[in-house]
Each structure stands twice: as structure tokens, then as C-alpha cells.
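The values are calculated or read from the model by the stated rules, or taken from the named source; none is laboratory data. What you see is a predicted model; the values in this text were computed from it and never measured. Reconstructed Cβ throughout: ideal geometry from the backbone, glycine too, with neighbour counts over all protein chains shown.
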Amino acid sequence: MLRQSSVDLALPVALTTLKDTINHHGAPNMPVKPEVFMKCSGVECIADINKQFEYEDNHPHGKGDSPLVSCGQTNGHNELQYIYNTKLKGFVDDPNSPVTEKKAYEALCLTCHELDSPRSRNKFYERLQQKLGVKFPD
């Protein structure tokens with residue numbers, strides 16, 4: 001008799017929950033690979049996301065990399081923390097916004113995994129907005 005583990009049984013439910021969490025308010029449906037979901041569902045802070053990526057600074061002091069988003073950056077300027085502070089924190093702090101801190105971290109993590117490096121800042125912001133169902137102010 002073939003037995004399924006509790007993880008196998010819970011995964012479809014968890015994927016549905018994540019899809020509903022990330023793709024709310026009419027945002028386009030973007031399928032999430034199970035292995036990426038597992039990596040991103042438990043993130044609680046930027047450091048949890050950064051640990052999942054290896055980062056090599058090919059543009060010291062930010063010269064030439066402003067159109068790019070780096071995941072895994074921990075020394076000096078932290079790109080994901082910058083994005084959280086400047087683009088997401090306003091939504092998280094707004095009691096009328098559906099974006100919670102957890103959803104913001106999950107969306108950052110998923111976007112890092114879904115876009116190939118080097119990640120275009122414009123594409124990164126587009127994907128993040130789609131995942132959260134929000135529009136960043138100009």
C-alpha cells in the first residue's frame with residue numbers, strides 16, 4: 001500500500017492558500033512551483049529571504065546596478081530592505097490595505113525566485129505589484 005506523507009497531503013491546500021493570499025483583488029493568477037512555495041511560505045523577515053540566495057557584488061558601491069534588484073545582498077546596502085521600506089511598508093502600515101508584513105515578505109521571496117538574475121528593477125516591481133494586487137505610487 002502506497003502512503004502519502006502529511007506534507008504531500010497538505011501541499012495542495014497550502015498552494016491554494018498561498019495563491020489566495022498572494023493573488024487577491026483580481027491580480028493575475030501566477031502559478032507557484034511547490035519547491036518555491038516551500039522556500040517562501042516560512043519567511044518572516046528580509047534575512048530569511050537573503051539566506052536563500054548567493055550574492056556577489058559585481059558593481060561595488062552601486063555603480064551601474066541601479067536598474068537591477070539583487071536578492072541575497074547582506075553587506076552594506078540591502079536591496080530587499082530598501083524595496084520593503086520604500087515600496088511596501090506604506091501598504092503594510094495601512095489598516096485598510098490587504099497587504100500584511102507576511103504577504104509582503106512572501107511576495108518579495110517569490111519574486112526573487114521567479115525572476116532570473118540579473119533581475120530588472122522594472123520587472124521586479126511589476127511582478128511584486130501583481131502578486132500583491134497593488135499599484136506603487138510614482
Check: Just checking, how many residues over region 104-129 are closer than 11 Å to Cys71 by Cα and of a type outside the set (A, V, I, L, M, F, W, C)?
Finding: 6
Notebook entry, point to check: Of the conditions (1) modelled with pLDDT of 50 or more; (2) acidic (Asp, Glu); (3) farther than 21 Å from Tyr125 by Cα, Asp8 fails just one. Which one is it?
Noted result: (1)
Notebook entry, point to check: Are there any pairs, at least 6 apart or on different chains, whose C-beta atoms fall under 9 Å, with the first in region 99-114 and of a type in the set (D, E, K, R) and the second modelled with pLDDT under 95 and not in a helix (DSSP H, G or I), and if so, which?
Noted result: Lys103/His24; Glu106/Ser41; Glu114/Met30; Glu114/Val32; Glu114/Lys33
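Please work out which residue is modelled with the lowest pLDDT, limiting yourself to region 39-57 and to residues that are part of a helix (DSSP H, G or I) and surrounded by 14 or more Cβ atoms within 10 Å (Cβ to Cβ).
That would be Lys39.
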Checklist line | Scan of region 116-138 for residues that are over 19 Å from Ile46 (Cβ atoms) and part of a helix (DSSP H, G or I), ordered by number | finding: Asn122, Lys123, Glu126, Gln130
Next item on the list: Give just the number: which of (1) surrounded by fewer than 19 Cβ atoms within 10 Å (Cβ to Cβ); (2) closer than 19 Å to Lys39 by Cβ does Glu126 not satisfy?
Entry: (2)
